[in-house]
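Notes follow once the structure below has been shown.
Values quoted throughout were computed directly from the atomic coordinates according to the rules given, and no laboratory measurement underlies them. These numbers come from a predicted model, not from an experiment. Quick reminder, even Gly has a Cβ in these numbers, built from the backbone with ideal geometry, and neighbours come from all protein chains shown.
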Amino acid sequence: MKLTLAALERRVVACRRCPELRAYCAEIARIKKREHRERTYWGRPVPAFGDPRARLLIVGLAPGAHGSNRTGRPFTGDASGIWLYRALYRAGYSDRAVSRERDDGLVLHDVLITAALRCAPPHNKPTPEQLRRCAPYLDHELSLLPDLQAVLGLGAIGTRAAAEALRRAGYRFERPPKFAHGMEAVAEGPPDRHDVILIASYHPSRQNTNTGVLTETMFDAIFTRTRVLINDREDAGKRAAP
Ligand code: SF4
């Protein structure tokens with residue numbers, strides 16, 4: 001049964017398919033990090049966040065234990081999120097550069113942020129079985145974005161999850177997309193959907209940003225490129241329309 005995006009995300013929040021992850025997230029929420037000990041942690045699966053008419057879908061890895069497992073919004077409350085929302089703001093996808101809390105009023109335009117896994121996994125390392133159990137949520141989100149033009153995978157796992165979800169939805173790649181920063185692959189749509197571009201970026205994790213593997217210039221260039229690709233595709237669609 002096809003749900004609305006809001007109903008789907010309520011289902012995500014209530015999901016109990018991975019009891020071990022639910023227990024881990026709840027335990028992190030109970031113990032807390034010293035600097036957040038006065039705050040109430042979210043401690044549950046984290047729903048997607050953004051514009052239900054998005055033309056760009058971002059697929060991250062999973063909530064951070066003290067980031068979105070604390071705040072309940074993707075990429076909010078940790079270092080990765082500082083980079084992501086700053087880049088989104090500079091590219092015109094967000095009305096502000098900082099995502100502080102779930103209820104801070106931030107509005108995203110034309111982008112929906114989701115993840116391969118919705119519960120924080122120990123050591124940020126989901127198992128293949130956990131990813132498999134969570135994948136239907138990504139499939140359902142894809143089906144609910146009628147205007148989708150581009151999917152941005154963050155990191156190898158986010159990119160692989162995005163490619164596999166596109167395949168399951170009936171999109172076809174000329175050759176299997178191989179993760180590399182800046183990779184672009186056209187996913188040819190099934191008869192009722194137009195083509196979509198899959199783009200890949202290094203994940204803005206501390207491991208990448210602190211070491212210079214990913215710089216802000218590189219990250220900004222990815223979002224500038226998504227804008228160009230989406231606009232070009234819209235223009236081509238208008239020219240092709242009778
Ligand atoms: S990781 Fe996904 S499938 Fe597993 S409990 Fe969380 S929301 Fe459900």
- Task: For ALA163, state whether it is free of Cβ contacts under 8 Å to residues at least 40 places away in the same chain and either in contact with a Pro (Cβ under 7 Å, 6 or more places away or on another chain) or buried (at least 22 other Cβ atoms within 10 Å of the Cβ) (or both).
- Result: yes
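A quick yes/no check of all residues on (1) closer than 18 Å to ALA156 by Cα; (2) without any contact (Cβ under 8 Å) to a residue 60 or more places away in the chain:
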| site | (1), (2) |
| --- | --- |
| ARG34 | no, yes |
| THR40 | no, yes |
| GLY43 | no, yes |
| VAL46 | no, no |
| ARG90 | no, no |
| ASP95 | no, yes |
| LEU108 | no, yes |
| VAL111 | no, no |
| THR114 | yes, no |
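Name the single residue that is farthest from the ligand (Cβ to nearest atom) among those in the stretch 10-40 being in a loop (DSSP other than H, G, I, E, B) and under 21 Å from the mean Cα position of the chain (by Cα). Steps first, answer last, please.
Keep residues of the stretch 10-40 that are in a loop (DSSP other than H, G, I, E, B), which gives 15-18, 32-33, 37-40.
Filter once more, so that each one left must be under 21 Å from the mean Cα position of the chain (by Cα): 15-18.
Details: CYS15: 3, ARG16: 6, ARG17: 4, CYS18: 3 Å.
Applying the filter and picking the extreme gives ARG16.
Of everything in the stretch 188-242, what is among the polar types (S, T, N, Q), more than 16 Å from the chain's Cα centre (by Cα) and closer than 17 Å to VAL151 by Cβ? Give them in sequence order.
Listed by number, the residues that qualify are THR224, ASN231.
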- Message: Suppose we keep only residues that are within 15 Å of LEU88 (Cβ to Cβ) and not acidic (Asp, Glu) within the stretch 106-122. Which one would you say is farthest from the ligand (Cβ to nearest atom)?
- Response: HIS109
- Note on the structure: Restricting the stretch 1-17 to residues that are out of contact with any Leu (no Cβ under 8 Å at 6 or more places or on another chain) and surrounded by 15 or more Cβ atoms within 10 Å (Cβ to Cβ), the one farthest from PRO63 (Cα to Cα) turns out to be ARG17
- Message: Among the numbered criteria (1) on the phi > 0 side of the Ramachandran plot; (2) buried (at least 19 other Cβ atoms within 10 Å of the Cβ); (3) within 14 Å of the ligand (Cβ to nearest atom), which one does PHE75 miss?
- Response: (3)
- Query: If you take the residues in the stretch 193-219 that are assigned to a helix (DSSP H, G or I) and of a type in the set (Val, Ile, Thr), which one is surrounded by the fewest Cβ atoms within 10 Å (Cβ to Cβ)?
  - Reply: THR217
- Task: Mind listing whichever residues of the stretch 123-138 are more than 10 Å from the ligand (Cβ to nearest atom) and surrounded by fewer than 14 Cβ atoms within 10 Å (Cβ to Cβ)?
- Result: HIS123, LYS125, PRO128
